[in-house]
Each structure stands twice: as C-alpha cells, then as structure tokens.
Amino acid sequence: MRSFNFSAGPATLPTEVITQVQQELPDWRGTGMSVMELSHRSPEFAGILIETELDLRELLAIPEHYRVVFCQEGASAHWDMIPLNLLQGNTRADYIETGYWSYRAIEEGRRYCNVNIAASNRVDQFCAIPDQSEWRLDPKAAYVHYCSNETIDGLEFFWVPDVGKVPLVVDMSSHFLSRPMDISKFGLVYAGAQKNIGPAGLSLAIIRDDLLKPSAPGTPFLMDYHSQVHAHSMLNTPPTFTIWVAGLVFKWIKRQGGLAAMEQINIEKSRLLYDFLDSSGFYRSQVKHQDRSRMNVPFHLREPSLDEVFLKEADAHGLHQLRGHRVVGGMRASIYNAMSLAGVKALISFMADFERRYG
Ligand code: PMP
C-alpha cells in the first residue's frame, strides 16, 4: 500500500530527493565523507551554499539588488529580527491579521514597537482575507507585515498588497516556491524550511539592499541581517545538512519545470480537493472560495464525533497526519509541492468511501 503524508510541517519531501540523500549520504562526491561531516569553511561546502543560492535566485528570478540569508533559526525568529532590523528608530509598524501565524508575529512585534493592526479578519473567524480597501495603513510605519499563506486557517493571498513606499514584509513560509512570486514587490520575504524547502532547522530571508542597515543596539549578533549578509550566512556554523537538502529540493523543482509548472500542478491538486469538499454534504470547508489556500486545506466533518474514526481509518489506508491544528480542530490536508496528484486522489477516494459508509 502506498502511503502519503499530509503533515503541515515537517512535511513530505520529494521521494526522488530522499533517495538521492540516501545514495549520496555516506560519500559526498568522492570526498570519502558524508556531507554532514564537511567543514562549513571547506571549499566543498562553500560550493554547496553558492549553488543553493543560485538555484533559488533562478527559480524566483530574485533581482540583483536583493540578498539571500540562510538562518539556523525557524521562521518565528524573524518576528523579532524584522523589528530589530527594520524599525531604525521608528516606533510604528503596520501588521495585517489574517490568522494564527500573522497573530503570532503581531504578539512578538509588540515587544518592540507600537503595532497598528491595519486590518483584521478576526470577527469573520479568519475565514476571508480583508479587502485592501478596508486596510487602515499608516504612511509613517516602518514596514507592513503580513502572512501570505495562513498554514492553520487555510487562507492564501493571491494578490500582493499595495502599500506605497512603506517596505512590505511577508511570511511566505507555507507557500514559498509553490508558484512564481514577484520578489521586487517586497522589502523582505522570509520562510521556514520545513514545508516546501527541505527538512526543519533552517529559514531564509530575501532582503532588499536598502533595508540592510545596522540593527538596533542590543540585537543578538545572529539576529542582525546586515551582519549575516556580510558573513554570507556564516556568522556561525550554518545548518549544513539542511542547506544541502534544500539545494536538492531546488534542483528537483527545476526538473519539474520550475515554479510555473509547480503552480499548474498545485492548482490541479487543490481544485480536485476543494471541488470534492464542495460537492459533499458530509465535509465542509469554511474558507471563502477566493482565499482558499492551495497548500493547506482545513476541513471539518459535519459530525465531529466521527473525527477519531476518520483519522484512524485514514491512517490504516496509508493517509497520515490529517489531524487539524489544535487551535482549530477538525482536519487539515497539507498538499505542498512534494505531495503527488496520486496522494490527493487517494485522499479523495478514501473520503468519498468514508462518507458512503458513515454519511
Ligand atoms: N509562519 C508560518 C506561516 C508557519 O506555518 C510557521 C510554522 N508552521 C511559522 C511561521 C513558525 O515556523 P517555525 O516553527 O519554523 O519557527
């Protein structure tokens, strides 16, 4: 029986990449050493780091005037790094609240500045993205922060906010590399690795040159983007193994045809699943149609007492990690780049059968 992993992260990785890791792990390119044992200062690892960055730049068409930094910390660390580096003496920043993860960034931002929640969908129970006409942006804010894919609530921005001259900062963790993105519209993009990039233990930021200024006094040295850029992400020992695997994932995406091809397959997978949910009276998705994430599909059984049976039977059918996040309950199918169409079809066929038996 084939098995599929619908976890939100750490998430499923391309099988080809796992096999390649397995094959190359004991002896990296004839060095007689595993990539995990290479010094981060060795020419071999320097080559890996450069190639990984170049592949990422090619995939996203990152403009020349943006720098890429690889960080040991998870995406959460950027909630502190952003104010510490971007406030530059300003005391105000705008945040958009669209769900759990954007709220976590808000809470952290409040430690450093006056957070203006310029828009929120809390009253709509995080089911729809507030229209930009309702946003109350502060033209003097140091930056505008938003999360372009809410992993838990299942909302995705299919448009880039227009915030004038104020730098736009985005948490793209859970839909990074799922489709082409115009990096030039952002001041700073960040993402944690354990969804579409690779194993956990790494995050990355893409920062426009003019925003790279010395951070606030007292900033821990590892949290200074400016220094990280100057040290080529090697202020200390970087997560070498994770960076190597991320590089293999980038090459895998290139072999699939790049981000435009990834987008087509992601559209197909998510459409199949949402069409099925909409056609069923047994399951429901509460996110407004136009804002439904192609990566994270939360849904509920109309009869919650069946949740545990559903999860148990799904596991027995090789469909794993479908439990929704504890704050929202229900189910969630995360269908990142590495989830195959076959996986989504297997899930739908199980769900249809479950509905026939229990509906
Ligand atoms: N932002 C988003 C959108 C996420 O989904 C997550 C984790 N799932 C985080 C931030 C936090 O990431 P980390 O655990 O890497 O700090």
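When you look at residue 221, is it surrounded by fewer than 24 Cβ atoms within 10 Å (Cβ to Cβ) and within 16 Å of the ligand (Cβ to nearest atom), yes or no?
On the way: surrounded by fewer than 24 Cβ atoms within 10 Å (Cβ to Cβ): yes; within 16 Å of the ligand (Cβ to nearest atom): no.
It is false that residue 221 is surrounded by fewer than 24 Cβ atoms within 10 Å (Cβ to Cβ) and within 16 Å of the ligand (Cβ to nearest atom).
Looking at region 71-92 only, could you name the residues that are in a helix (DSSP H, G or I) and not aromatic (Phe, Trp, Tyr)? Working first, answer last.
Looking only at region 71-92, we keep the residues that are in a helix (DSSP H, G or I), and these are 75-86.
75, 76, 77, 78, 80, 81, 82, 83, 84, 85, 86, listed by residue number.
Looking only at region 289-310, how many residues end up being of a type in the set (A, V, I, L, M, F, W, C), part of a helix (DSSP H, G or I) and surrounded by 18 or more Cβ atoms within 10 Å (Cβ to Cβ)?
Count: 1.
Is it the case that residue 91 is more than 15 Å from the ligand (Cβ to nearest atom) and either surrounded by fewer than 16 Cβ atoms within 10 Å (Cβ to Cβ) or assigned by TED's automatic domain parsing to the domain that holds residue 339 (or both)?
Criteria met by residue 91.
Quick one: would you say residue 67 is charged (D, E, K, R), more than 16 Å from the ligand (Cβ to nearest atom), more than 23 Å from residue 262 (Cα to Cα) and touching a residue at least 60 places away in the same chain (Cβ under 8 Å)?
On the way: charged (D, E, K, R): yes; more than 16 Å from the ligand (Cβ to nearest atom): yes; more than 23 Å from residue 262 (Cα to Cα): yes; touching a residue at least 60 places away in the same chain (Cβ under 8 Å): yes.
Answer is yes for this residue.
Output the residues belonging to region 1-60 that are closer than 21 Å to residue 235 by Cβ, of a type in the set (D, E, K, R) and either touching a Phe, Trp or Tyr at 6+ places or on another chain (Cβ under 6 Å) or assigned to a loop (DSSP other than H, G, I, E, B) (or both).
Result: 41, single match.
Cβ-Cβ below 6 Å, separation at least six or inter-chain, first residue in region 211-231 and in the same structural domain as residue 168 (by TED's automatic domain parsing), second acidic (Asp, Glu): which pairs?
If the second residue must be acidic (Asp, Glu), the pairs left are 215/224.
Quick one: in region 311-330, which of the residues that are in contact with a helix residue (DSSP H, G or I) (Cβ under 7 Å, 6 or more places away or on another chain) and of a type in the set (A, V, I, L, M, F, W, C) is surrounded by the fewest Cβ atoms within 10 Å (Cβ to Cβ)?
327
Just one of (1) part of a loop (DSSP other than H, G, I, E, B); (2) farther than 30 Å from residue 234 by Cβ trips up residue 95, so point out which.
That leaves (1) as the condition not met.
From the list 287, 229, which residue is touching a Cys at 6+ places or on another chain (Cβ under 7 Å) and either at pLDDT 95 or above or of a type in the set (S, T, N, Q) (or both)? Quick ask: steps written out before the conclusion?
On the way: 229 fails: touching a Cys at 6+ places or on another chain (Cβ under 7 Å).
Every option except 287 fails the conditions.
Looking at 349, 279, 305, can you tell me which residue is of a type in the set (Gly, Ala, Ser), under 29 Å from residue 129 (Cβ atoms) and not assigned by TED's automatic domain parsing to the domain that holds residue 53? Before the answer, list the steps.
Values: 349 fails: under 29 Å from residue 129 (Cβ atoms); 305 fails: under 29 Å from residue 129 (Cβ atoms).
Criteria check complete, one pass: 279.
Which ones in region 129-152 are crowded, with 23+ Cβ neighbours inside 10 Å and within 16 Å of the ligand (Cβ to nearest atom)?
Of everything in region 129-152, those that are crowded, with 23+ Cβ neighbours inside 10 Å and within 16 Å of the ligand (Cβ to nearest atom) turn out to be 129, 145, 146, 147, 148, 149, 150, 151.
Take region 168-194 and flag every residue that is in a loop (DSSP other than H, G, I, E, B) and either free of Cβ contacts under 8 Å to residues at least 60 places away in the same chain or more than 12 Å from the ligand (Cβ to nearest atom) (or both).
From region 168-194, those in a loop (DSSP other than H, G, I, E, B) are 172-182, 186-187, 193-194; that's our starting set.
Once the filter is applied, which keeps residues that are in a loop (DSSP other than H, G, I, E, B) and either free of Cβ contacts under 8 Å to residues at least 60 places away in the same chain or more than 12 Å from the ligand (Cβ to nearest atom) (or both), region 168-194 yields 172, 176, 177, 178, 179, 180, 181, 182, 186, 187, 193.
Count, please, the residues in region 321-346 that happen to be under 21 Å from residue 249 (Cα atoms) and among the charged types (D, E, K, R).
0
Against the definition (within 16 Å of the ligand (Cβ to nearest atom) and either among the polar types (S, T, N, Q) or free of Cβ contacts under 8 Å to residues at least 60 places away in the same chain (or both)), how does residue 12 come out, yes or no?
Taking the combined requirement at face value, the residue satisfies it.
The values are calculated or read from the model by the stated rules, or taken from the named source; none is laboratory data. Bear in mind the structure is a predicted one, so any value in this text is a computation, not a measurement. FYI the Cβ positions are ideal-geometry reconstructions off the backbone, even for glycines, and counts take in every protein chain you see.
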